[in-house]
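Undergrad: One structure coming up, written as structure tokens, with questions to follow.
Quick note: the coordinates plus some simple rules give every number you see, no bench work behind them. Quick caveat, the model's predicted, so the values are computed rather than measured. Virtual Cβ from ideal backbone geometry, glycine too; neighbours counted across all protein chains shown.
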Amino acid sequence: MTVEEIKDYATAFKKSMWSPVIDLLNLRGRLAIEKNQEVIDSQMPSKTATAVAHPNIAFIKYWGNINHELRIPTNGSISMNLASLETRTTVTFEESLDKDVLLLNNEPATDAAVTRVSQLLNRVREVAGIDVHASVESNNNFPTGAGIASSASAFAALALAASRAAGLNSDSDELSRLARTGSGSASRSVPGGFVEWYAGEDHETSYANSIAAPEHWDLVDCVAIVSDVHKRTGSTQGHQSADSSLLQSARVADAPRRLELCRQALLEKDFHNFAEVVELDNNLMHAVMMTSKPPLIYWQPATLAVMDAVQEWRSNGLEACYTIDAGPNVHVICTADDSQKVQEKLLKIEGVKKVLTAKPGGPAHLVG
């Protein structure tokens, strides 16, 4: 073996000795780089989304839950979204926040409201795999907490805005389920037009779908505002006390029949049968409220005056009927042809401060 061959052999031997060490060092270097990248990736940049949703008026009411935490209702319900009334909500996930922040109609929200919003945001964070707090700004163009389903539009808009800001592409059914956990009726404000909420038995089976498009029936909701003061007892507390009424079990047992009557009348645009079942269902729900412990009486003198007047108008040929959510304001549902006449008549009733009008509205949607 020549001297040069010996030198080459020695060099190769040294390389073979150190090769595993060099490979190990290279591996450690790559792992360190990847770990640093994971830290960078986990620091989510601020992401924002804005959504608009409409409140809805229930023709067949939701009152009472079989699961209060998930807001699984005792019975299904049918409603109509209200086009000209809306909640606009912006959600921004920000690393700099140490807690969730909520502005409601440009004012800092109560701790209870923030907690309720955070519970929904926690569900979004869990699915998205993030651990970032959010700032939420929500504004309504109608009275809040006065029986116009402000929580429905609020949580429908929140569900959509938060999901999109977190990078999720949830479908309508998923958003309806998510919105329901914040406010039961919010599940109905996610789809558009005329909507049915299937009661279900658990989180997966309780959601809402559209059963007819907004243009299916040219109805108008004339909302007689008799009070814009926030109600003393909210719907959440009311749902929890529903079973204390002896009438609740009878109301729930008959709900499938009323649902079928309402669905059929709505799809066939049969106002006579529609009006009868809508007013019956309304009266049953408020009877439960009034006989619960403690009793919930939302009506005011002007509320009763409007109810009485609407029944008289219908007996004289005007196509109109009343329904009232958990509050004093009266929703007078009428055909578009009679809406102007209904508005004029409502404004003549003592105690009616103003009348808001809304046609069937579309689904919750992103803006901006």
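Undergrad: Residues that are farther than 18 Å from C262 by Cβ and in contact with a strand residue (DSSP E or B) (Cβ under 9 Å, 6 or more places away or on another chain): find the strands (runs of 3 or more DSSP E) completely inside the range 153-234 holding 1 or more of those.
TA: On the way: elements: 194-198, 207-212, 219-225.
It comes to 207-212, 219-225.
Undergrad: Follow-up question, since we're still on this one. Only residues that are touching a residue at least 12 places away in the same chain (Cβ under 8 Å) and in a helix (DSSP H, G or I): list them for the range 71-126, please. Can you show your working first?
TA: Within the range 71-126, the first condition is being touching a residue at least 12 places away in the same chain (Cβ under 8 Å), and the residues that meet it are 71-95, 97-106, 114, 116-121, 123-125.
The answer is V114, R116, V117, S118, Q119, L120, L121, R123, V124, R125.
Undergrad: For residues that are among the β-branched types (V, I, T) and in contact with a Leu (Cβ under 9 Å, 6 or more places away or on another chain), scanning just the range 280-311, find the one that is farthest from H239 (Cα to Cα). Show your work before the answer.
TA: In the first step, residues of the range 280-311 are kept if they are among the β-branched types (V, I, T); the result is 288, 291, 297, 303, 306, 310.
From what's left, in contact with a Leu (Cβ under 9 Å, 6 or more places away or on another chain): 288, 291, 306, 310.
Numbers: V288: 10, T291: 13, V306: 25, V310: 28 Å.
In this case the residue turns out to be V310.
Undergrad: Based on what the data block shows, is T291 more than 25 Å from the chain's Cα centre (by Cα), surrounded by 14 or more Cβ atoms within 10 Å (Cβ to Cβ) and hydroxyl-bearing (S, T, Y)? Give the steps one after another, and end with the answer.
TA: Details: more than 25 Å from the chain's Cα centre (by Cα): yes; surrounded by 14 or more Cβ atoms within 10 Å (Cβ to Cβ): yes; hydroxyl-bearing (S, T, Y): yes.
For T291, the condition - more than 25 Å from the chain's Cα centre (by Cα), surrounded by 14 or more Cβ atoms within 10 Å (Cβ to Cβ) and hydroxyl-bearing (S, T, Y) - is met.
Undergrad: In the range 320-354, which residue that is over 30 Å from the mean Cα position of the chain (by Cα) and outside any helix (DSSP H, G or I) is farthest from L284 (Cα to Cα)?
TA: K348
Undergrad: Something else now. Any idea how many residues of the range 218-275 are over 20 Å from I57 (Cβ atoms), within 25 Å of the chain's Cα centre (by Cα) and of a type outside the set (V, I, T)?
TA: Number satisfying all stated conditions: 7.
Undergrad: Now for a different question. State whether the residues of the range 120-128 include one that is at positive phi and not hydroxyl-bearing (S, T, Y).
TA: At the first step, the residues of the range 120-128 found to be at positive phi are none.
There is no residue in the range 120-128 that is at positive phi and not hydroxyl-bearing (S, T, Y).
Undergrad: Which numbered condition in (1) closer than 25 Å to H203 by Cα; (2) among the small types (G, A, S); (3) surrounded by fewer than 24 Cβ atoms within 10 Å (Cβ to Cβ) is the only one that A162 fails?
TA: (3)
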